[in-house]
Amino acid sequence: MKASHSIRPVFDDPNLVSVAGLVPAMRLAESAGLHDLLEDRLSIDSANATAKTTAVIAGMLAGADCIDDLDLLR
């Protein structure tokens with residue numbers, strides 16, 4: 001059987017993002033106490049260490065393999 005037409009997806013929405021599932025995953029992490037855990041356990045003397053670590057975790061969830069890959073969060 002041969003299709004009489006072909007379907008070609010077009011991603012022309014300017015608000016379309018490739019990692020849309022990241023928002024609910026990070027909300028779940030927040031409600032599970034990720035921020036509190038990081039504040040209690042991090043021993044790094046850095047401004048906003050919890051926020052920076054959370055951003056690295058979000059990048060890893062989105063597929064970042066190294067620090068340079070964290071640009072995908074921008």
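The values are calculated or read from the model by the stated rules, or taken from the named source; none is laboratory data. What you see is a predicted model, and the numbers here were worked out from it, not measured in a lab. So basically every Cβ, Gly included, is an ideal-geometry build from the backbone, and we count neighbours across all protein chains shown. Please note that ligands, DNA and RNA were not included when accessible areas were found on the heavy atoms of the full protein model with its side chains. Shrake-Rupley method; radii C 1.70, N 1.55, O 1.52, S 1.80 Å.
Could you check how many residues of region 28-62 are outside any helix (DSSP H, G or I) and touching a Leu at 6+ places or on another chain (Cβ under 7 Å)?
Number of matching residues: 1.
Based on this model, can you work out whether residue 4 counts as under 16 Å from the mean Cα position of the chain (by Cα) and at pLDDT below 75?
No: the conditions fail for residue 4.
For region 48-67, name all the residues that are under 15 Å from residue 29 (Cβ atoms) and hydrophobic (A, V, I, L, M, F, W, C).
Within region 48-67, 51, 55, 56, 57, 58, 60, 61, 62 meet the criteria.
Only one residue in 56, 19 is modelled with pLDDT under 75 and touching a helix residue (DSSP H, G or I) at 6+ places or on another chain (Cβ under 8 Å), so which one is that?
19
Got a number for residues in region 52-74 being open to solvent by less than 60 Å² (accessible area, probe 1.4 Å) and closer than 16 Å to residue 34 by Cβ?
Qualifying residue count for the region: 8.
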